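Undergrad: Following this message is one structure expressed as structure tokens.
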Amino acid sequence: MGFFDTILFPFKWLVSWIMVQFHDGLTFLGMDAASGVTWTLSIIGLVLVIRAALIPVFVKQIKAQRGMQALQPDMKKLQAKYKGKTDQLSRQAMGQEQMALYKEHGTNPFSACLPMLIQMPFFFSLFQVLSGVAKANADSDGIGAMTHDQVAQFDQATIFGAPLSAAFLPQLQGGDLNVAVVWLSIIMILAMIASQFITQKQIMSKNMSEEAMQGPFMKQQKMMLYVLPLVFGIGGVNFPIGVLIYWTTTNIWTMGQQFFVIRRMPTPGSPAYKEYQKRREAKGLPLLGASKKKVEEVVEEIPEPKGQRSQPQRKNRKKK
Amino acid sequence: MTPSPTEYRARRPMAAVVRFFWHLPRNILIIVLKLYRRVVSPTYGQVCRFFPSCSAYALEAVTVHGAVKGGWFAARRIVRCHPWNSGGLDPVPSPATVDWDDPSMVPMIVQLNHPHVFLAKQQETQSRNAA
């Protein structure tokens, strides 16, 4: 067993165990144990468990973004200091000072790469489990928490006529292309690209503060719009149907989560946040955050001496 | 004793070959990190709670300290980067000797990770040219 396998072993076991639990549960409820639908739902169940477990990390990040309001005045000063300086060194200097500011206020809007990294071993191990099914079946082995019988069952399982363990490109190379595999792969690739696109668009048009929209972050977001469809396309033709089901489901979860966040916990200073405050006002609820009023006063103070009146402009833009 | 010109010429390709292989692991890592920063980093935007970000830290560490020591620094930084660490400034440890006098000789990543130092140098040269 290599280094990689050793690290992945516990994840592989956990992933297969969760799937088996869902599979047993669904079979108990009267579903056909050998059916591909049951196994597909087990994979979807696995996604739900992993993503639900990540919610606390996500909420922590959103709360940290709320905490950012307190340092708005300092942030405005910093932005004024670097206004119009677009060279790389100045941008970096600004980033460095921003980071020092977060530290000073004990808040940080960035969640670190952990939420993303933590999904990777699950994804890799699921990939190994699903792509190892055919071999384990031939060797009469089990995988992780899956017994040999379950492995054999999974290997035979089909959804809409496509085997869960089959993949587009390897089939094409093997010369025995299954039409259902091709169709399902293409549909899921398109679903992933579409959900990713909608998520990105939502973030960019509704949930970014005006400062963020002008910064390098926006550029990165735009690049993501083009890079990820490529990743999905390349992955989509290489990965087995089972992995694609996992991937598509997790993408759709992300999209739903983003809708929820934009509606209920928008980023302060973003268009979605203004709508959210309006909705609260209409309902007669107090505006969010006790410090909110104080922050607004300070924010208004700064532009006045410079004669920058951005508010009327903003309203015009919105009406279009 | 300084080698004579002929000796020097004869020895130089050998030295270049040795230097190439000595720096090979470091240079491979640099290429991998640069590719990662160009291709993968943009897909998720800024998430790191440190300055410099993990990949910038790793690139500087490997560039300055070499593959083994730099790789060790980078690995330790990645372990430090988690949601329960409040982040902030976390520069790469400086090597024993630092020669930043001539910015054109300093690798770009080092400049980007120490923007204040090099911004000051830039302004210095600009004002000198203006004078």
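Undergrad: Using modelled backbone amide H atoms (1.01 Å from N, in-plane), which distant-in-sequence or interchain residues come within less than 5 Å of residue A:159's amide H?
TA: A:164
Undergrad: Which whole-Hz ³J(HN,Hα) couplings does region A:135-145 yield from phi under the Karplus relation 6.51 cos²θ - 1.76 cosθ + 1.60, θ = phi - 60°, glycine and proline marked x?
TA: These are the phi-based 3J(HN,Hα) values: 5, 4, 5, 5, 7, 6, 10, x, 10, x, 7 Hz.
Undergrad: So which of A:222/B:34; A:60/A:83; A:81/B:34; A:77/A:103; A:85/A:206 end up more than 22 Å apart, counting from Cα to Cα?
TA: On the way: A:222/B:34 20 Å; A:60/A:83 31 Å; A:81/B:34 30 Å; A:77/A:103 17 Å; A:85/A:206 26 Å.
Cα-Cα > 22 Å for A:60/A:83; A:81/B:34; A:85/A:206; rest within.
Undergrad: Quick one: grab the alpha carbon gyration tensor of region B:19-131, order the square roots of its eigenvalues as a ≥ b ≥ c, and give me rounded if a/c is under 1.5, else prolate or oblate depending on whether a/b is larger than b/c.
TA: Working: a/c = 1.83, a/b = 1.31, b/c = 1.40.
Oblate, since a/c reaches 1.5 and b/c is not below a/b.
Undergrad: Got a sec to turn the phi values of region A:223-233 into Karplus ³J(HN,Hα) couplings, 6.51 cos²θ - 1.76 cosθ + 1.60 with θ = phi - 60°, whole Hz, x for Gly and Pro?
TA: 5, 4, 4, 9, 6, 5, x, 5, 4, 4, x
Undergrad: Would you grab the residues whose amide H sits under 5 Å from the one on residue B:51? Only those 5+ places off in sequence or on another chain, please, with H modelled 1.01 Å from N.
TA: B:88, B:89, B:90
Undergrad: Choose one answer from B:16, B:67, B:58: the residue with the largest mean-square fluctuation in a GNM of chain B with alpha-carbon springs under 10 Å.
TA: B:16
Taken together, the values in this text are just the output of simple stated rules run on the coordinates, not laboratory data. Just so it is clear, the structure is predicted and the values come from calculations on it, not from any experiment.
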